[in-house]
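Here is the structure we will look at.
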Amino acid sequence: MIDVQLEAESAIVTVRPSEALTEEDFQLVASVVDPFVEHRGNLTGLIIHAEAGFPGWADFAGLIAHLGFVRNHHRKIKRVALVTDDSVAAHLPGLASHFVAAEIKAFSGDSLEEARQWLLG
C-alpha cells in the first residue's frame, strides 16, 4: 500500500509506502503524476518518505511495475528525496544515480521539511 500526495503549487509528489509494493501501487502513483506532467510539465521533485525503511515488493509484478515507473518517469522529475532512517535504504541514492536522470539525495527520517526545501532549492 502506498499513500500519494501531490502539491500542485510546488510540483512535489510525496509517496509513503507502508507495506510491500504492488503493481497497483505504481498504477496509483502514475495516475497522480501523469496528468499533472501532461498539463503542467515536469515535477520539481519526488519525496519517498519511508521512515520504517523500504518495504520491498509484494511480488514480481510489483518489482516490474516499479522498474517501469522509474523508466517512464525519471526524466520528468528533477530531484528525488529519500527520507528514511533505514541505513540500507539510505545508500540507494548512490546506486540509483547511475540509472536515472534525477538528482537523488537521502535524508534522515525526521528531515521531511529539509528534504522538501532541497527539492525546491
Name the residue, out of 80, 70, 100, 33, that is at negative phi, surrounded by 15 or more Cβ atoms within 10 Å (Cβ to Cβ), of a type in the set (Val, Ile, Thr) and at pLDDT 95 or above.
33
Looking only at the range 75-89, count every residue that is touching a strand residue (DSSP E or B) at 6+ places or on another chain (Cβ under 9 Å) and either over 18 Å from residue 115 (Cβ atoms) or not in a loop (DSSP other than H, G, I, E, B) (or both) and tell me the total.
9
For the range 6-16, check the following and say yes or no: at least one residue is within 21 Å of residue 101 (Cα to Cα), within 11 Å of the chain's Cα centre (by Cα), at pLDDT below 95 and assigned to a strand (DSSP E or B).
no
Residues to consider are 50, 90; find the one that is within 18 Å of residue 5 (Cβ to Cβ) and either surrounded by fewer than 13 Cβ atoms within 10 Å (Cβ to Cβ) or modelled with pLDDT under 95 (or both).
50
Which residues, taken from the range 38-83, are of a type in the set (Asp, Glu) and in contact (Cβ under 8 Å) with a residue 60 or more places away in the chain?
none
Of the residues 68, 53, which single one is small (Gly, Ala, Ser) and over 19 Å from residue 85 (Cβ atoms)?
68
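The values are calculated or read from the model by the stated rules, or taken from the named source; none is laboratory data. All values reported here derive from a predicted model rather than from experimental measurement. Positions of Cβ are generated from backbone atoms using ideal geometry, with glycine treated the same way; all protein chains shown enter the neighbour counts.
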